[in-house]
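*Asks:* Dumping the structure here so I can ask a few things about it.
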Protein chains: 2
Amino acid sequence: MNTQAGEKSKPITGPKTGAAKDAGVPALGDIIGYKLRRAQLMVFQDFIESFSQLKLRPAEFSVLAIIATQPGLKQSEIAGMLGIKRANFVALMDGLEKRGLAERRKADGDRRSHSLHLTAEGARFVKKMSAVWQGHEDRLIARLGGAEERDRLITLLDRLLDSDED
Amino acid sequence: MNTQAGEKSKPITGPKTGAAKDAGVPALGDIIGYKLRRAQLMVFQDFIESFSQLKLRPAEFSVLAIIATQPGLKQSEIAGMLGIKRANFVALMDGLEKRGLAERRKADGDRRSHSLHLTAEGARFVKKMSAVWQGHEDRLIARLGGAEERDRLITLLDRLLDSDED
DNA sequence: CGAGAATGTTATGTTACAAAACAATATGAC
DNA sequence: GTCATATTGTTTTGTAACATAACATTCTCG
């Protein structure tokens, strides 16, 4: 969020203001989207710091996680899962391939598509990556107040998402 | 574990997590940050569509809401509240001023700073804006399952944010 | 007064993201 | 089998969000 030293940043996170004052003008603390955005930025900030040593960004992390658990998927399939345009997926995959973590193989039946797989080094990398992620996730769960609270949060976010599935 | 009810079919948002721990590699559905991001994108998408007629983006909405409820604040104060760099706030405020919705006034004691206020047209605009927002927010609350669920979501998001305030 | 900080601003760079066009290949109607 | 159409990966391009540095003006305070 704000990594600058001298800057002050106090997001509006106060207690719920029961009634909207000022003729229906919403207070920032009552706006779901505002809170969601601030929380997402905070979580991503923690993520990015956690993975600064591994030089891994959130999108790259998610791609590696999918390739690790479901090897052989095509580029457009993975891009579709993550909501990434396949045009923008190219450079991302180029990076992973250049680092020797993942590779494109010729798909069996279809000569247009590439099936994606981890390299041996990529498999080792995913192990380290997963450990780092676990620390990050544990930190978030602690802030939430425990695993049950995490589950409740996931459940609520799923309710927002379920009616929206692509 | 967050795996209880919902068995989705399509993409990733529905955790297919049974005991799907491939050597600690997280499933996307179990990642707080991933779910947060997807939910935030969905909410912003709904917001942007809701405000397409008013041609108002989320950042502009939040600035107008602050000016409406707390007129007279300085640019750097509002930028600080919203986590916007004051350098980037300039163009945003220029736009609001050019549209005749808000204005910079010379601050009383300090000739460097500007105090921000709504114009008369801006006040009318904020009324319409608030009505549109209420529809947007009600839609989200309905997805969540009611106002009580909304409050629970806000509470959980606040837990993530509270420990993050400077 | 004079050094340093704050404020608004300009300029610039980086990154995420979307849209359009294209070659190669696949698919399906006929 | 042929041909129109769709899909896949890719390149190119544009836009919006976001950060950083530098600057002039003004304030603060020792």
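Throughout, read-outs are computed from the coordinates displayed, never taken from laboratory work. Note that the structure is predicted; figures quoted are calculated from it, not measured. Cβ atoms come from the backbone with ideal geometry, glycine included; neighbour counts cover every protein chain shown.
*Asks:* Which pairs, out of A:Lys128/B:Lys35; B:Lys35/B:Lys128; A:Lys35/A:Lys128, put more than 26 Å between their alpha-carbon atoms?
*Replies:* The answer is B:Lys35/B:Lys128; A:Lys35/A:Lys128.
*Asks:* Something else now. Nearest 0.05, what FRET efficiency do A:Arg99 and B:Gln53 give at R0 = 51 Å with Cβ-Cβ as r?
*Replies:* 0.65
*Asks:* Using the scaling law 2.2 N^0.38 Å as the reference, what is the normalised Cα Rg of the range A:32-162?
*Replies:* Cα-based Rg divided by the globular estimate yields 1.17.
*Asks:* Continuing with the same structure: How far apart are the B:Gly135 label points across copies, placing each 7 Å from Cα toward Cβ, in nm, shortest first?
*Replies:* For B:Gly135, the inter-copy label distances come out at 4.9 nm.
*Asks:* When each copy gets a label point 7 Å from Cα toward the beta-carbon at A:Lys85, what are the spacings between them in nm, shortest first?
*Replies:* Counterpart label points of A:Lys85 in the remaining copies fall at 2.4 nm.
*Asks:* Run the paramagnetic zone check for B:His117: 7 angstrom along Cα to Cβ, then residues of the range B:29-70 with backbone nitrogen under 15 Å.
*Replies:* B:67-70
*Asks:* With the cut-off at 1.5 for a/c, could you classify the range B:107-166 from its C-alpha gyration tensor as rounded, prolate or oblate?
*Replies:* Here the range B:107-166 falls in the oblate category.
*Asks:* Once the principal axes of the Cα atoms of the range A:49-95 are found, what is the range along each, listed largest first in whole angstroms?
*Replies:* 29, 23, 17
*Asks:* Need one number: nm distance between label points at A:Lys127 and B:Arg139, each 7 Å from Cα along Cα→Cβ, rounded to one decimal.
*Replies:* Rounded to a tenth, the inter-label distance reads 4.8 nm.
*Asks:* What residues qualify as long-range amide H neighbours of B:Ala102, i.e. H under 5 Å apart, gap of 5 or more or another chain, H built at 1.01 Å from N?
*Replies:* Under 5 Å from the amide H of B:Ala102: B:Glu97, B:Thr119.
*Asks:* Something else now. Hey, if you put +1 on the Cβ of every Lys and Arg and -1 on every Asp and Glu Cβ in the range A:32-162, which of A:Leu156, A:Leu73, A:Leu92 ends up farthest toward the positive end of that dipole?
*Replies:* Going by the Cα projections, it comes out as A:Leu92.
*Asks:* What is the sum of charges, Lys and Arg at +1 and Asp and Glu at -1, for the other residues whose Cβ falls under 11 Å from the Cβ of A:Arg104?
*Replies:* That works out to 0.
*Asks:* Is there a simple number for the mean count of other chain Cβ atoms within 10 Å of the Cβ of residues in A:132-145, and what is it?
*Replies:* 3
*Asks:* Taking the Cα centre of the range B:32-156 as origin and charging only Cβ (+1 Lys, Arg; -1 Asp, Glu), how large is the dipole, in debye to the nearest 20? It would help to have the intermediate numbers written out before the result.
*Replies:* Values: 22 positive and 15 negative charges, 78 e Å.
Approximately 380 debye in magnitude.
*Asks:* Sorted by average packing, counted as other Cβ atoms within 10 angstrom per residue and highest first, what order do A:39-45, B:84-90 take?
*Replies:* Sorting A:39-45, B:84-90 by mean packing, highest first, produces A:39-45, B:84-90.
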